[in-house]
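Below: the structure, in structure tokens.
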Amino acid sequence: MFGNYLKSKSRKKTASIAVFANSVTVAFESDQEWITDEVAVSTTGEWGKEIKSLLDKHQLAGSVLRLVLGHGLYQSMLIEKPELPREEYPTALPFLVKDLVNESPLDLVADGFPAPLKDRLQVFVANRKQVEQLIHDCSDAGCEVLSISAEEVVWGQLAAPSRSQLILHRRRNSNLQLTAFKQQEMCFQRQLRGFPVPLLDGLKAEDTSSSLQLDSLALELQRSLDFLSAQLRDAPITQLLISCDDDDDSALASELSLRLSVAVSAVTVASPGLESNSSRIAHAALQSPEDVGINFYSDALKPQIQWMTLQNVVLSWVLIIVVMGSISGWYQWQNYQQQQQLAAEQQRLDSKKAELERAKAALAKHIPSPLKVELAGDLEQHLAAKKATLKAIEMHDDSLKVGYAGMLQQLSDAASGDISINHIRVSGSQLNLEGLARSPESVPSWLQAFKNYSYLSDRRFELMTLGRNKQNIVTFKLYAERSAVKEEQ
């Protein structure tokens, strides 16, 4: 059951099968060499068995197949071109040609393309049951059908892509067929009856009847060429190609070139193995682009996937059970992992709690008594007072240790006849002076002399005031700090 759904869809090979009323031919490429094989059938009911035998013989199971219906298994006709999009042709054409065929539109498959000669539609129709049976036979053989075309259409792959050519072809035990192509697109086809097989039989023996047969054939060909020349004025037929079973194509081309106004040559094949017309038709089908020509294998014929089958329902339930079991197992595994992590974390938590209890017990042993705390506070206050006292002592000048005799001696030495000191105040490194001066300029001049005396050079004054007393004598005051002025006031 699972094999049907999990089978590989890789396409190993692409092959072509040409189906005729009396034979089936397969063609495929292997190692850059074309391989063909043909089997005869007596009835169309043997198609399935012979197709399977050919595919099994050449190990083509799993391949993609392009089918070609031989002449007689389809009908072709020209109709007025309908105003329909290309994708609606398979559905609409069976009803548009119902008056031209003897079968019901429901029993037909059809496709077509715009005819190159006139503004009409070239239509091909085939029996629906026969086409469905071929698709079923290929599916039973393990292959997938890609397209289904018609013999007259695929012959265009043997024509030149840039020219207009006429192909005279005949498959073994069949009538002569004449098909014209304009740039590989079929634009004309007719059947020539009453000509013997082979056409050149008795010609070398100078048989008059054989020569007359060639003359008659050349006359029919010339009529078709004249008709096509009138229709294809923009791209006239320039060459006739020959591909006839049971005949020497090169010799026949040589004879017809003597009787026709266009060049005649044998069809050039891609491989020596493509000797018969049935193999050439199968090979040409593989060379045809998928979007060119016709394709009887419409979407309506493609197998539809039936989702609501017993097999699908059973498979879906099995998949649901497997998915749910997998999800349940995954969650159980995750739960087990979480339980293991939780147990490990709980163990670590218990260990940390034990450490915390031990730390609390040790801390309780080190808590001081209130008396010790109060005593420590008093000692800290006493220590702070001592530090303040030491800081105050550090602020006193070294001159407090030796007195002010040296400073007063140097102040006397620096005396000036223009200055008279009335008041001296010394505190540490601070010196405040008051007195009289002969003129305001005498005070700065006297202070300039301090730099020559070691005890006086380091003295700094922040404020100097000058004034006059009642006798109009200049007075001065020198203060080391501005706050000293406020204290005296």
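The values are calculated or read from the model by the stated rules, or taken from the named source; none is laboratory data. Everything quoted here is computed from the prediction, not taken from an experiment. Cβ atoms come from the backbone with ideal geometry, glycine included; neighbour counts cover every protein chain shown. The accessibility values were calculated without ligands, DNA or RNA, using every heavy atom of the protein model including side chains. Shrake-Rupley method; radii C 1.70, N 1.55, O 1.52, S 1.80 Å.
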Ordering of 281-293, 252-264 by packing [mean C-beta count within 10 Å, highest first]: 281-293, 252-264
Furthest towards positive pole of dipole, Pro114, Ser429, Ser23, structure part the chain, Cβ charges: Ser429
Formal net charge of residues neighbouring Ser298 (Cβ-Cβ distance under 13 Å; K, R +1; D, E -1): -2
Unit charges at the beta carbon, dipole of the chain: most positive-side option, Gln381, Ser53, Ala141: Gln381
Cβ-derived FRET efficiency at R0 56 Å, Phe461 paired with Asp378, nearest 0.05: 0.80
Radius 13 Å from Cβ of Thr43, net charge of other residues (Lys, Arg +1; Asp, Glu -1): -1
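Label the range 240-384 by shape, choosing from rounded, prolate and oblate, from the square roots a ≥ b ≥ c of the eigenvalues of the Cα gyration tensor; if a/c is under 1.5 it is rounded, and otherwise prolate applies when a/b is larger than b/c, oblate when it is not.
Taking the square roots of the gyration eigenvalues as a ≥ b ≥ c, the range 240-384 is prolate.
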Two-decimal Rg/Rh across the range 5-155, once Rg and the Kirkwood Rh are taken from alpha-carbon atoms: 1.01
Point-to-point label distance, Gln222-Asp350, nm (Cα→Cβ direction, 7 Å offset): 11.7
nm² value of the averaged projected area, convex hull over the Cα atoms of the range 208-312: 11.9
Whether the range 281-336 is rounded, prolate or oblate, judged on the alpha carbon gyration tensor where a/c under 1.5 counts as rounded: prolate
Convex hull projection area averaged over all views, the chain, Cα basis, nm²: 68.1
Folded to 0 to 90 degrees: helix 310-365 orientation relative to the chain principal axis, Cα: 10
Surrounding net charge for His366, when Lys and Arg each add one and Asp and Glu each subtract one, Cβ distance under 12 Å: +3
Dipole of the chain, positive direction: furthest Cα of Ile242, Phe296, Leu78, with charges on the beta-carbon: Phe296
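In square angstrom, what is the accessible area per residue of the chain with a 1.4 angstrom probe?
On the way: 29450 Å² over 489 residues.
Result: 60 Å² per residue.
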Kirkwood Rh (inverse of mean 1/r, distinct Cα pairs), the range 260-304, angstrom: 13.6
Extension gain, Ala343 back to Ser429 (0.36 nm per residue minus Cα-Cα distance, nm): 23.2 nm
Percent accessible area from carbon and sulfur atoms, the range 106-204, protein chains only, probe 1.4 Å: 42
Relative contact order of the chain, defined on C-alpha pairs under 8 angstrom at six or more residues apart (%): 11
Solvent-accessible surface ranking, highest first, for Glu103, Glu33 at 1.4 angstrom: Glu33, Glu103
Cross-link table Lys52/Lys129; Lys13/Lys52; Lys98/Lys118; Lys182/Lys302; Lys52/Lys302, entries beyond 27 Å C-alpha to C-alpha: Lys182/Lys302
Which of Trp317, Trp47 is most accessible, then next, and so on - probe 1.4 Å: Trp317, Trp47
The chain: calculated mean residue ellipticity at 222 nm from DSSP helix runs of at least 4, using -39500 (n - 2.57): -12500 deg cm²/dmol
Share, in percent, of DSSP beta bridges within the chain that are antiparallel, nearest 5: 75
Under-5 Å amide H pairs with Ser164, H placed in peptide plane, nonlocal only: Gln183, Thr238
Normalised contact order of the range 57-208, rounded percent, pairs of Cα under 8 Å and 6 or more residues apart: 23
Heavy atoms of Ser139: accessible area, 1.4 Å probe, square angstrom to 10: 70
Dipole magnitude of the chain about its Cα centre (Cβ charges: Lys, Arg +1; Asp, Glu -1), debye to nearest 20: 3440
Nearest-ten-degree value, helix 370-394 long axis tilted from longest Cα axis of the chain: 70
Trp333 paired with Glu46, simple spin-label distance in nm, labels 7 Å along Cα-to-beta-carbon: 6.1
The range 120-250: C-alpha gyration tensor shape, a/c 1.5 cut-off, then a/b vs b/c: oblate
